[in-house]
């Protein structure tokens with residue numbers, strides 16, 4: 001039977017600098033999806049690579065005293081090395097400086113020009129160099145780029161423009177008819193409400209103020225706008241030909257099943273890219289998934305904030321699969337995840353060392369201790385076995401349901417639910433007690449068989465996420481990995497065969513000791529950094545000396561200004577299971593995304609009473625987990641103590657006319 005096809009791509013990484021772990025998350029996520037699809041019978045094409053043109057790169061190359069090509073060659077090499085280090089199974093690593101791609105981009109630009117979609121004009125406005133984006137004055141946020149928050153510059157130059165408005169209604173109709181095209185739902189709402197409904201402006205698609213880009217063949221003082229160049233990688237490297245002579249690879253795999261991208265570039269992929277494709281007469285990708293960010297401690301990773309963590313450093317400390325597990329499991333479907341060294345080590349100890357590693361190790365060890373490693377026939381079943389068997393047999397379908405919606409973290413949770421149930425099964429059956437009674441020997445063999453078989457199920461389903469660990473588990477079981485098809489029945493362990501050697505999969509980490517080790521390495525790098533900071537520290541000290549002393553118990557105006565109080569509309573509210581105190585809010589904070597906040601006010605308000613209300617929340621607190629769920633902020637309320645010692649609480653509510661996203665000041 002012919003295999004089903006699946007084309008998945010990542011955004012191509014910008015070659016301005018070495019990627020940090022937040023950038024690396026995307027390739028690991030795409031790899032897990034690609035591996036899962038291959039495992040379940042798909043013919044997969046998985047494309048990734050690098051975006052190598054633009055003003056920012058030209059400036060960095062000039063500052064480094066090398067050519068732009070030499071600069072991107074170096075960074076592209078670093079990116080590919082990290083992708084390989086993370087054990088990702090991409091089919092093609094593309095680079096936009098590839099002559100083939102350059103030629104196709106030139107043909108695409110000319111084709112769009114000749115058919116009247118591109119015209120020549122001049123541009124005057126605000127330009128963000130890091131984002132390679134133009135903005136109008138009204139689109140800026142506090143005078144800065146609305147995407148990255150950095151300063152913009154005034155730009156005026158001759159340019160070619162694409163008639164975006166010509167296709168806006170068609171794109172709106174497409175989105176309405178294909179509700180899964182933009183995911184998650186919050187990203188779709190943001191694009192529709194913030195960009196399409198207000199009306200699209202024509203897009204500047206060439207530049208003349210720098211030359212590191214694809215030259216426009218019929219007007220060579222212009223280079224193609226970097227996003228038109230970059231976005232077309234999904235078809236040019238797949239075999240698209242602007243002249244219409246597409247190769248068999250393109251005919252086979254296009255349209256892509258999913259473009260996996262960061263939420264910060266959702267606009268380019270769900271507005272510009274679909275419109276370019278419409279103009280070219282090509283089908284649109286089936287889905288664009290804008291994944292959330294991985295935050296470090298209190299905020300987004302950035303070199304200026306000094307909080308960048310790199311994948312290769314994490315791998316050095318914890319190993320590839322531990323890093324893969326953390327980034328895949330700890331970033332929710334639609335909300336940002338949080339990473340600190342402490343959190344990673346706690347997760348490794350709790351899940352990988354305790355739940356997974358300990359289960360495999362002691363099961364193999366018990367089989368060696370009680371049966372010299374021989375796998376016994378399960379001839380003495382008891383009712384307690386049935387729940388474990390049923391859970392194992394249901395696992396493939398549960399994971400499939402999660403993966404179909406790209407809920408990767410939830411798919412991993414399904415696997416670990418079986419592992420936890422297996423650990424509980426050991427406590428219920430007490431093999432060590434059975435071993436003391438010769439008449440219970442058959443029952444002991446059955447218990448160990450059930451454990452070994454459950455581990456085989458888990459190892460099979462773990463392959464897309466922890467591939468090296470899955471291989472090690474199969475080696476300890478001493479059985480061949482026969483794929484998902486072998487999970488149709490609970491009988492895959494060969495009776496009479498022997499298990500392999502019990503080995504530790506993940507060692508428990510002494511967290512204080514490891515932190516000291518990590519911080520010691522960081523301290524070795526400090527002297528070079530400190531020299532660059534000396535002048536800034538001196539300036540701060542001078543300013544501090546001039547400040548009026550703040551009385552005890554007071555805060556400065558600068559400290560107060562850091563608190564971000566945002567008007568939010570309550571979209572949904574519900575009680576948190578197993579908690580008498582917590583309510584879970586889904587809030588519109590004006591950003592285009594839904595913000596989740598948990599608040600301990602259930603004894604003062606009923607959840608259904610709060611839907612539609614206008615509240616105020618502190619929105620720049622670091623995310624934290626409450627009852628296993630992420631809370632991104634704190635809802636403001638007023639509390640007073642009554643005469644009887646009890647508390648009375650009132651939420652801060654505003655008039656419904658105050659828009660979501662407005663700031664209190």
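The values are calculated or read from the model by the stated rules, or taken from the named source; none is laboratory data. Everything quoted here is computed from the prediction, not taken from an experiment. Heads up, the Cβs are rebuilt from the backbone with ideal geometry, glycines too, and the neighbour counts pull from every protein chain shown.
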Test for residue 327: is it closer than 27 Å to residue 180 by Cα and touching a strand residue (DSSP E or B) at 6+ places or on another chain (Cβ under 8 Å): yes
Looking at region 288-295, can you tell me whether even one residue there is at pLDDT 95 or above, within 16 Å of the chain's Cα centre (by Cα) and closer than 30 Å to residue 117 by Cβ? yes
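Return the total of residues in region 490-511 being free of Cβ contacts under 8 Å to residues at least 60 places away in the same chain and either over 16 Å from residue 374 (Cα atoms) or under 29 Å from the mean Cα position of the chain (by Cα) (or both).
So the first thing to find is which residues in region 490-511 are free of Cβ contacts under 8 Å to residues at least 60 places away in the same chain, and the list is 491-492, 510.
Now restrict to residues that are either over 16 Å from residue 374 (Cα atoms) or under 29 Å from the mean Cα position of the chain (by Cα) (or both): 510.
Going through region 490-511 one residue at a time, the tally reaches 1.
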Is it the case that region 19-34 has a residue that's over 23 Å from residue 481 (Cα atoms) and in a loop (DSSP other than H, G, I, E, B)? yes
For residue 445, are the conditions met, namely being over 18 Å from residue 465 (Cα atoms) and in contact with a strand residue (DSSP E or B) (Cβ under 6 Å, 6 or more places away or on another chain)? no
With the condition kept exactly as written, say whether any residue in region 458-472 is touching a strand residue (DSSP E or B) at 6+ places or on another chain (Cβ under 8 Å), surrounded by 19 or more Cβ atoms within 10 Å (Cβ to Cβ) and assigned to a loop (DSSP other than H, G, I, E, B). no
Taking the criterion of being in contact with a helix residue (DSSP H, G or I) (Cβ under 7 Å, 6 or more places away or on another chain), touching a residue at least 40 places away in the same chain (Cβ under 8 Å) and either farther than 30 Å from residue 318 by Cα or outside any helix (DSSP H, G or I) (or both), would at least one residue in region 351-371 satisfy it? yes
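Looking for something in a helix (DSSP H, G or I) and touching a strand residue (DSSP E or B) at 6+ places or on another chain (Cβ under 6 Å) - is there at least one such residue anywhere in region 283-294?
Within region 283-294, the first condition is being in a helix (DSSP H, G or I), and the residues that meet it are none.
No - not one qualifying residue is present in region 283-294.
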Taking region 253-282 on its own, how many of its residues are more than 26 Å from residue 335 (Cβ to Cβ) and outside any loop (DSSP other than H, G, I, E, B)? 7
Tally, over region 114-128, of residues that are surrounded by fewer than 19 Cβ atoms within 10 Å (Cβ to Cβ) and either touching a helix residue (DSSP H, G or I) at 6+ places or on another chain (Cβ under 7 Å) or at pLDDT 85 or above (or both): 7
The lone exception for residue 56 - which of (1) in contact with a helix residue (DSSP H, G or I) (Cβ under 8 Å, 6 or more places away or on another chain); (2) more than 30 Å from residue 321 (Cβ to Cβ); (3) surrounded by 18 or more Cβ atoms within 10 Å (Cβ to Cβ) it fails: (1)
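Rundown of residues vs (1) exposed (fewer than 15 other Cβ atoms within 10 Å of the Cβ); (2) closer than 25 Å to residue 503 by Cβ; (3) at pLDDT 95 or above, yes/no style:
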site: 316; (1), (2), (3): yes, yes, yes
site: 320; (1), (2), (3): no, yes, yes
site: 350; (1), (2), (3): yes, yes, yes
site: 403; (1), (2), (3): no, no, yes
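Okay, residues lined up against (1) more than 22 Å from residue 269 (Cβ to Cβ); (2) free of Cβ contacts under 8 Å to residues at least 24 places away in the same chain:
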| site | (1), (2) |
| --- | --- |
| 111 | no, no |
| 118 | no, no |
| 124 | yes, no |
| 131 | no, yes |
| 135 | no, yes |
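Being within 26 Å of residue 328 (Cβ to Cβ), free of Cβ contacts under 8 Å to residues at least 60 places away in the same chain and assigned to a helix (DSSP H, G or I): is that true of residue 401 here?
Working: within 26 Å of residue 328 (Cβ to Cβ): yes; free of Cβ contacts under 8 Å to residues at least 60 places away in the same chain: yes; assigned to a helix (DSSP H, G or I): yes.
For residue 401, the condition - within 26 Å of residue 328 (Cβ to Cβ), free of Cβ contacts under 8 Å to residues at least 60 places away in the same chain and assigned to a helix (DSSP H, G or I) - is met.
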Filter result (farther than 21 Å from residue 199 by Cα and buried (at least 20 other Cβ atoms within 10 Å of the Cβ)) within region 259-283: 259, 260, 261
Kindly indicate the residue of region 131-181 that is farther than 26 Å from residue 51 by Cα and in contact with a strand residue (DSSP E or B) (Cβ under 9 Å, 6 or more places away or on another chain) and also surrounded by the most Cβ atoms within 10 Å (Cβ to Cβ) among those meeting that condition. 175
Close pairs from region 419-442: first in the same structural domain as residue 454 (by TED's automatic domain parsing), partner part of a helix (DSSP H, G or I) and surrounded by fewer than 14 Cβ atoms within 10 Å (Cβ to Cβ), Cβ under 9 Å, at least 6 apart: 421/387; 425/384; 425/387; 428/384; 429/384; 440/433
Condition broken by residue 193, with the remaining ones in (1) farther than 22 Å from residue 109 by Cα; (2) touching a strand residue (DSSP E or B) at 6+ places or on another chain (Cβ under 7 Å); (3) surrounded by fewer than 13 Cβ atoms within 10 Å (Cβ to Cβ) satisfied: (2)
Of the numbered conditions (1) part of a helix (DSSP H, G or I); (2) farther than 21 Å from residue 28 by Cα; (3) in contact (Cβ under 8 Å) with a residue 12 or more places away in the chain, residue 414 fails exactly one; give the number of that condition. (2)
Scan region 217-252 for residues that are assigned to a helix (DSSP H, G or I) and surrounded by fewer than 21 Cβ atoms within 10 Å (Cβ to Cβ) and report the count. 5
Counting only strands (runs of 3 or more DSSP E) wholly inside region 86-192, the ones holding at least 3 residues that are under 27 Å from the mean Cα position of the chain (by Cα) and under 30 Å from residue 31 (Cα atoms) are 92-95
